[in-house]
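*Asks:* Structure incoming, see below.
The values are calculated or read from the model by the stated rules, or taken from the named source; none is laboratory data. Being a predicted model, the structure only gives us computed values, none of them experimental. Cβ placement follows ideal geometry from the backbone for every residue including glycine, while neighbour counts extend to all protein chains displayed.
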Amino acid sequence: MSVSGARLDLELYAHNPGTTTWPFSAALHTYLAVSELTHVRLQGLEGCRYVDSVLRAEAVEDHPEKRFHGEIDRIYARAPGLLLRDGPRRLAIETKGLPDAVIWNPGPEKCAGLKDMPPDGWQHMLCVEGACVFEPVTLGPDESWSGRQSFTLLSA
């Protein structure tokens, strides 16, 4: 993790010290505090294929600006750079080595069952996770891998 000015970089590193090859998937669980979930807009997912775990469906995102009203649990394939808008705040989200994006919010019912979140906590958070899900990484003996997610607070 590194912080520089208005930028936060999170990096996940894996090294295979063994003698056999192993595959893995990864996601950086970035829980972002937002003012109010219903006011948040996420741009950059239009045209991305996704798997929706809540609806148990697959589709292609057809909205240029994603809005949120409660529970969501989607994995977007090959998500490019994203822009999170929360009132006047703008957060640019970029990844390297993490081509997919997990977008998650527990909604009111699931939030009520989470011991580490207040009952209304779902209204003030959104996970926008850099991930490597659809095409897992395979590390051979003595190989390494890293994935990075960067957040930059843009001027209003």
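*Asks:* Just for the stretch 83-116: of the residues that are assigned to a loop (DSSP other than H, G, I, E, B) and on the phi > 0 side of the Ramachandran plot, which one is modelled with the highest pLDDT?
*Replies:* Start the filter on the stretch 83-116 by keeping residues that are assigned to a loop (DSSP other than H, G, I, E, B), which leaves 87-88, 97-99, 106, 113-116.
Still in the running and on the phi > 0 side of the Ramachandran plot: 87, 97.
Numbers: 87: 92, 97: 97.
It comes out as 97.
*Asks:* Right, here's the next one. Look at residue 42 and say whether it is under 22 Å from residue 149 (Cβ atoms), part of a loop (DSSP other than H, G, I, E, B) and modelled with pLDDT of 95 or more. Walk me through how you get there before you give the answer.
*Replies:* Values: under 22 Å from residue 149 (Cβ atoms): yes; part of a loop (DSSP other than H, G, I, E, B): no; modelled with pLDDT of 95 or more: yes.
No: the conditions fail for residue 42.
*Asks:* Across the stretch 36-54, which residue is surrounded by the fewest Cβ atoms within 10 Å (Cβ to Cβ) among those that are touching a residue at least 60 places away in the same chain (Cβ under 8 Å) and touching an Asp or Glu at 6+ places or on another chain (Cβ under 9 Å)?
*Replies:* Going through the qualifying residues, I end up with 36.
*Asks:* With the requirement that a residue be of a type in the set (A, V, I, L, M, F, W, C), out of contact with any helix residue (DSSP H, G or I) (no Cβ under 9 Å at 6 or more places or on another chain) and buried (at least 18 other Cβ atoms within 10 Å of the Cβ), what does the stretch 116-136 give you?
*Replies:* Narrowing the stretch 116-136 to residues of a type in the set (A, V, I, L, M, F, W, C): 117, 122, 125-128, 131-134.
This time we only want the ones that are out of contact with any helix residue (DSSP H, G or I) (no Cβ under 9 Å at 6 or more places or on another chain), so: 127-128, 131-134.
If the condition is that a residue be of a type in the set (A, V, I, L, M, F, W, C), out of contact with any helix residue (DSSP H, G or I) (no Cβ under 9 Å at 6 or more places or on another chain) and buried (at least 18 other Cβ atoms within 10 Å of the Cβ), then 127, 128, 131, 132, 133 are the ones that fit.
*Asks:* When you scan the stretch 69-76, do you find a residue that is among the β-branched types (Val, Ile, Thr), surrounded by 14 or more Cβ atoms within 10 Å (Cβ to Cβ) and modelled with pLDDT of 95 or more, even just one?
*Replies:* We begin by selecting, within the stretch 69-76, every residue among the β-branched types (Val, Ile, Thr); these are 72, 75.
Remaining after also requiring surrounded by 14 or more Cβ atoms within 10 Å (Cβ to Cβ): 72, 75.
With modelled with pLDDT of 95 or more added as a condition, the list becomes 72, 75.
Checked against the condition, which is being among the β-branched types (Val, Ile, Thr), surrounded by 14 or more Cβ atoms within 10 Å (Cβ to Cβ) and modelled with pLDDT of 95 or more, the stretch 69-76 yields at least one hit.
*Asks:* Looking at residue 129, is it outside any strand (DSSP E or B) and either farther than 25 Å from residue 9 by Cβ or not small (Gly, Ala, Ser) (or both)? Let's see the steps before the verdict.
*Replies:* Working: outside any strand (DSSP E or B): no; either farther than 25 Å from residue 9 by Cβ or not small (Gly, Ala, Ser) (or both): yes.
No: the conditions fail for residue 129.
*Asks:* Just to be sure I understand the filter: pairs with C-beta atoms under 8 Å, separated by 6 or more residues or on different chains, first member in the stretch 126-147 and within 24 Å of residue 17 (Cβ to Cβ) and of a type in the set (A, V, I, L, M), second member modelled with pLDDT of 95 or more and loosely packed, with under 12 Cβ neighbours inside 10 Å. Which pairs pass?
*Replies:* That search, which allows pairs on different chains as well, returns 137/23; 139/15; 139/21; 139/23.
*Asks:* Right, residue 65: surrounded by fewer than 16 Cβ atoms within 10 Å (Cβ to Cβ), touching a residue at least 24 places away in the same chain (Cβ under 8 Å), touching a Lys or Arg at 6+ places or on another chain (Cβ under 7 Å) and farther than 30 Å from residue 141 by Cβ or not?
*Replies:* Values: surrounded by fewer than 16 Cβ atoms within 10 Å (Cβ to Cβ): yes; touching a residue at least 24 places away in the same chain (Cβ under 8 Å): yes; touching a Lys or Arg at 6+ places or on another chain (Cβ under 7 Å): yes; farther than 30 Å from residue 141 by Cβ: yes.
So residue 65 fits the description; yes.
*Asks:* Which ones in the stretch 58-69 are assigned to a loop (DSSP other than H, G, I, E, B) and under 15 Å from residue 102 (Cα atoms)? Reasoning before the result, please.
*Replies:* Of the stretch 58-69, the ones assigned to a loop (DSSP other than H, G, I, E, B) are 61-64, 68-69.
Matches in the stretch 58-69: 61, 68.
*Asks:* For the stretch 106-117: of the residues being closer than 14 Å to residue 29 by Cβ and not aliphatic (A, V, I, L, M), which is farthest from the chain's Cα centre (by Cα)? Walk me through how you get there before you give the answer.
*Replies:* Residues of the stretch 106-117 that are closer than 14 Å to residue 29 by Cβ, as a first pass: 106, 114, 116-117.
Of the ones still in play, those that are also not aliphatic (A, V, I, L, M) are 106, 116.
Values: 106: 14, 116: 20 Å.
By that ranking, first place goes to 116.
*Asks:* Of the residues that sit in the stretch 94-105 and are under 9 Å from the mean Cα position of the chain (by Cα) and aliphatic (A, V, I, L, M), which one is nearest to residue 34 (Cα to Cα)? Show your work before the answer.
*Replies:* Within the stretch 94-105, the subset under 9 Å from the mean Cα position of the chain (by Cα) is 100-104.
Remaining after also requiring aliphatic (A, V, I, L, M): 101-103.
Numbers: 101: 18, 102: 17, 103: 14 Å.
Per the stated criteria, the residue is 103.
*Asks:* Among 26, 79, which is the only one that is of a type outside the set (Lys, Arg), touching an Asp or Glu at 6+ places or on another chain (Cβ under 7 Å) and within 30 Å of residue 140 (Cβ to Cβ)?
*Replies:* Working: 26 fails: touching an Asp or Glu at 6+ places or on another chain (Cβ under 7 Å).
79 is the lone residue from the list that is of a type outside the set (Lys, Arg), touching an Asp or Glu at 6+ places or on another chain (Cβ under 7 Å) and within 30 Å of residue 140 (Cβ to Cβ).
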